[in-house]
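Comments concern the structure below.
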Amino acid sequence: MANQEEYFFTKEHEWVYFEDNVAVVGVAEYAQNALGDITYVELPEVGEDVEQFEQFASVESVKAASDIFAPISGKIMEVNKKLEASPELINKSCYEKGWIAKIQPADLNEKNNLMSQEEYTQFLEGLDT
Amino acid sequence: MQLIFEKSRPGRCGFSITRCDVGQEAKIPSPYLRKKECLWPEVSELDVVRHFTQLSQRNFSVDTNIYPLGSCTMKYNPKFTEKAAGIRGFADLHPLLPQLDHSLVQGALEVLYHMDRLLSEITGMDHFTLQPLAGAHGELTGVMLMAAYHRSKGNKKTHIIIPDAAHGTNPASAAIAGYDIVTIPTDKKGVLDLEALKKHVNSQTAGLMLTCPNTLGLFDSDVDKIAAIIHDVDGLVYYDGANLNAMMGRARPGDLGFDIVHVNLHKTFATPHGGGGPGSGPVGVKEHLSRFLPISRVIKARNGSYALDYDYPDSIGYIASFYGNFGVILKAYAYILMLGKEGLKEASEHAVLNANYIMEKLKAYYDLPFDRRCMHECVFSASRQEKKGVHAVDIAKFLIDQGIHPPTIYFPLIVKEALMIEPTETESKAELDILAQALIAAAQLADDDPARFKDLPKTMPISRPDEVKAAKDIRCNFFA
Amino acid sequence: MSGFISNTQADVQQMLKVIGVGSIDDLFADIKSHHRPRSFDIPSGRSEFEVMEHLYRVAADNASYLVSFLGAGYYDHYVPAAVNALASRSEFYTAYTPYQPECSQGTLQALFEYQSLICTLTGMDIANASLYDGGTALYEAMMMAIRITGKKKIIMDGGVSPIYRKIIRSYTSNLDIEFQETPVAHGRSDRSQIMKILDDRTAAVILQNPNFFGAIDDHEDIVGLAHAKKALVIESVYPISLGLLKTPGEMGVDIATGEGQSLGLPLNFGGPYLGFMASRKEYVRKMPGRIVGETVDTQGRRCFVNTLQVREQHIRREKANSNICTNVALCAIQSAIYMSLLGPKGLKDLASLIFNKAEFARQELARIAGVEVKRSSPTFNEFTVYLPRPATDIITKMAKKGFIAGFPLVRYYPGMDHYLLIAVTEKRTKEEILAFKSALEEAICS
């Protein structure tokens, strides 16, 4: 796992960190908690091109469905196949075993559109009030 | 309880086949034949009778329990209407007969024609189609009528406006017909936020879908102003008739400025819900939209005979295979004939009386997000109980143990922990007192011992089901 | 008090007091005077007796006593008495959609059994808990194929019921969907025409078996062609025929639908009917409508719930798979009772009986001078004949002789004035078929 400091976040509660120039993407604690027990993850296709902040996956619980937006543009390199049989990995380990996809970033400058860990923490505090 | 398949014994059969009185030499060529056996159960007639009788006993129903399910108008379903629908001259009638000769089906066409007139008068519209097979089907029909109207005028319209309190079928129906959805919030009084509406209405607005009274059970006194705002941009105003039971004889959508309405015969007009259908969702329009109505339409000739007319070139076409759920229409027709003018009006009056009574009885125990006079239903919030860890769903399970079907919960979405209660006019004060007592007992238990809710219900054949497992390990076929 | 109201005048007074208003009128204060009805001209109420007498009189104006050879997708089968006796249990019919599973296991288990019965009948993996009718089920299947494939071109076989085709055309008039219809050749699906227009943009090929003209087919080859282009195949089927005929599952079809009226429902002048839908299991999340799933309760006991509700309008709103909410649960339960009574042997025997009677009628009618029975493909319960005179004239004459002769194809196929579609069910006896033949001979000659 990357250090917490290396994660970047979106307003829709996706996270991303960069490992050897590959972006690893998932959903944050706040989102998994809001959804409850996740029953299904619709994964993107490997090789698919995604746009920053466009929908590229979705997760379902018993009572809600939620779209997942790409934190960064690029090509899908790999998807977490384990989620097909065990979608609960997102509930159990949203920052590690519950990662959703790896993206080959098209433009690393897009990082500037994301929140740092610190900014995201502040953002969450704002949501609670 | 066993499944019917688990009762199967090789060699049993519950069907007496008629002897074949013709030759049996002809054969279907083998490539066209099925090879894999059909695995229907091998059971006797008594097996089937016991099985389904026992299944029926595992249901709550209007005939066995108080059923104050909000938005669903679970009024008593009179028995004579079931008998009426079973009359052979109606039940055995083939739907294509009018295409052979209208004289073969004069009685059925008469029912359809009169129902069109009655529903038009009840709602203040000019013409009805009885084709839509359920409420949501009526909504789709209504949105298609809007689309046809705008097409005919060359209007470029892209979106339909829907309040955030609306039923999910509204946005789903509008989206299926090809429109974008613009959602308008509810204001502090529990009705459509007029300022927000004005901001979002523009030349792209195809129309507005409005439930009236709304899903909070509130009548919006500005309804005519809302209609005028939409009409100003050549939009159409659609009346979702889910709650018509609140205002029969007291107000008519047609007089309030609505252009299109649907009514749910399986709510307002006492036809049974059947555990999820069949329903019927006739759609009425004002004169200026009548040329777009689905075909066929029933007409009455000068000599008093009835016929089906397909000659409407601007029609949106076929919405259903035939003339609607005729069996359901017939029951509603019988109901309307029996109640008549005074009876319909009285039904709405007592529906509203009952809802206000239950609201008053429970006010002290549950949060009432919009504390004002309601119409045919009232919406409480279990947010006070939630602070103790008791949710709307827990209260629902408590009621089940009291032999009461729970209210609608978690709807409308804009009310946290919503409990939506619609007693209907056919419940008596005595029954409402029982309902109120049970809900008060639930509130008291939430105060005293909230942990007790988690194991409820305890008196049913099953306890709470694992819905996560159902959605994850999907099993919807015994044989798979 | 009328209208099934239970409150007494004394109740009303007490209730008004509790509410704190003087009269019922006060409760309607939000409805302002300018909102009041401009008219409410409904006839006064009548007693139950009076309404029933009226309805008996109206029903007598319908011709339900004629011996019928009319089908065209809607068939006059015998319904065993036990079907109505059980479906009329008001615990079933006065319940709502099973939102509370603990007090709705009756409806839920019956619907689970219905889904399973439909699956094994059609040879498919999964089924939903019903759609309105056969026509709307076919429309929903088409929309489902569009969701699955992400493509928008539809190939529609000309043998699909023209009623269904009209419904689909109406529903999609505001949507960007490309339709191509292929005419039938020798009464069956025209492979060469389908191949010509089948391409990578095709979402689905829609077929029917037996087709509207009564011809039976094996569509396995079309399934192969379609799958090679990553297109789905949807087949609408007549359920009773599957007692004998190759199933959609055996042909490799992706979505099977049909009109379930034949499974124990009366003709009812067009409804309520039963739209059934079954598909391959990988498409379960794209399926419209309610789906009942098996699970366990907190004590590990088997039970049933409405599952995958996130597909539906009450959760996903404008992104839902369909707008359908109320379907035809009671009709589905009614058909489950019918299917259980029949069992596999009853179904097979019934299908054989119907086939044999229809074959007998087909051979007998072929003997009439001037009547030509189409023999280019095998048929099951229904067949097309060519008459020496316009079919509509013959139908009028036959009605006077006590018969509904069949369906005149000219209603939907311009130019086919002389063609009549004739259906035979198990209710038609040898005597009736022979009398029909004699009457037809006379009608042609006179």
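The values are calculated or read from the model by the stated rules, or taken from the named source; none is laboratory data. Bear in mind that the values here come from a model prediction, so they are computed numbers and not experimental data. Note that each Cβ is placed from the backbone with ideal geometry, even for glycine, and that neighbours are counted across all protein chains shown. What goes into the accessible areas is simple: the full protein's heavy atoms, side chains included, and nothing from ligands, DNA or RNA. Shrake-Rupley method; radii C 1.70, N 1.55, O 1.52, S 1.80 Å.
Miscellaneous remarks
- Unique residue being more than 8 Å from chain C (Cβ to nearest Cβ), touching a helix residue (DSSP H, G or I) at 6+ places or on another chain (Cβ under 9 Å), part of a strand (DSSP E or B) and at pLDDT 95 or above when the list is B:Ile299, B:Ile329: B:Ile299
- Selection of the range C:71-94 for residues being β-branched (Val, Ile, Thr), more than 7 Å from chain B (Cβ to nearest Cβ) and open to solvent by less than 10 Å² (accessible area, probe 1.4 Å) yields only C:Val83.
- Just one of the numbered conditions (1) within 8 Å of another protein chain (Cβ to nearest Cβ); (2) polar (S, T, N, Q); (3) in contact (Cβ under 8 Å) with a residue 40 or more places away in the chain; (4) not in a helix (DSSP H, G or I) is not true of C:Ser352: (4).
- You will find that of B:Ser305, B:Ser290, the residue that is open to solvent by 10 Å² or more (accessible area, probe 1.4 Å), within 12 Å of another protein chain (Cβ to nearest Cβ) and on the phi < 0 side of the Ramachandran plot is B:Ser305 and no other.
- Flag if C:Ile126 is of a type in the set (Val, Ile, Thr), under 30 Å from B:Arg58 (Cβ atoms), in the same structural domain as C:Ser322 (by TED's automatic domain parsing) and buried (at least 20 other Cβ atoms within 10 Å of the Cβ): yes
- Summed over the range B:206-234, the residues that are in contact with a helix residue (DSSP H, G or I) (Cβ under 8 Å, 6 or more places away or on another chain), assigned to a loop (DSSP other than H, G, I, E, B), open to solvent by less than 10 Å² (accessible area, probe 1.4 Å) and not aromatic (Phe, Trp, Tyr) give a count of 3.
- Test: C:Ile216 is under 30 Å from B:Gly142 (Cβ atoms) and buried (at least 19 other Cβ atoms within 10 Å of the Cβ): no
- Listed conditions (1) under 21 Å from the mean Cα position of the chain (by Cα); (2) without any contact (Cβ under 8 Å) to a residue 24 or more places away in the chain are all met by B:Asn356, apart from (1).
- Going through (1) crowded, with 24+ Cβ neighbours inside 10 Å; (2) farther than 17 Å from B:Glu377 by Cα; (3) in contact with a Lys or Arg (Cβ under 9 Å, 6 or more places away or on another chain) one by one, B:Cys38 falls short only on (1).
- Any hit, the range C:404-412, residues being buried (at least 19 other Cβ atoms within 10 Å of the Cβ) and away from chain B (no Cβ under 14 Å): no
- Just so you know, in the range A:77-116 the residues that are without any contact (Cβ under 8 Å) to a residue 60 or more places away in the chain and farther than 27 Å from B:Ala471 by Cα include one that is surrounded by the fewest Cβ atoms within 10 Å (Cβ to Cβ), and it is A:Asn112.
- Single residue of the range B:414-453 satisfying the filter (open to solvent by less than 40 Å² (accessible area, probe 1.4 Å), part of a loop (DSSP other than H, G, I, E, B) and not aliphatic (A, V, I, L, M)) that is nearest to B:Asp394 (Cα to Cα): B:Glu417
- Hits in the range A:6-33 - residues which are in contact (Cβ under 8 Å) with a residue 40 or more places away in the chain, open to solvent by 10 Å² or more (accessible area, probe 1.4 Å) and in a loop (DSSP other than H, G, I, E, B): A:Lys11, A:Glu12, A:Asn21
- Residue count for the range C:371-387 satisfying the condition of being over 11 Å from C:Pro408 (Cβ atoms), touching a helix residue (DSSP H, G or I) at 6+ places or on another chain (Cβ under 6 Å) and assigned to a loop (DSSP other than H, G, I, E, B): 3.
- Residues located in the range C:259-309, provided they are on the phi > 0 side of the Ramachandran plot and either among the β-branched types (Val, Ile, Thr) or surrounded by 19 or more Cβ atoms within 10 Å (Cβ to Cβ) (or both): C:Gly264, C:Asn268, C:Phe269, C:Gly270, C:Gly271, C:Gly289, C:Leu308
- Test: B:Thr73 is over 30 Å from B:Leu218 (Cβ atoms) and of a type in the set (S, T, N, Q): no
- Identification of helices (runs of 4 or more DSSP H) wholly contained in the range B:62-143 with 2 or more residues that are under 23 Å from B:Asn214 (Cα atoms) and either facing chain C (nearest Cβ under 7 Å) or at pLDDT 95 or above (or both) yields B:106-123.
- Residues that are touching a strand residue (DSSP E or B) at 6+ places or on another chain (Cβ under 7 Å) and touching a residue at least 60 places away in the same chain (Cβ under 8 Å) within the range B:237-257 comprise B:Tyr238, B:Tyr239, B:Asp240, B:Gly241, B:Ala242, B:Asn243, B:Leu244, B:Pro253, listed in sequence order.
- Within the range B:454-474, the set of residues being facing chain C (nearest Cβ under 7 Å), part of a loop (DSSP other than H, G, I, E, B) and crowded, with 18+ Cβ neighbours inside 10 Å comprises B:Pro457, B:Met460, B:Ile462, B:Ser463, B:Arg464, B:Asp466, B:Ile474.
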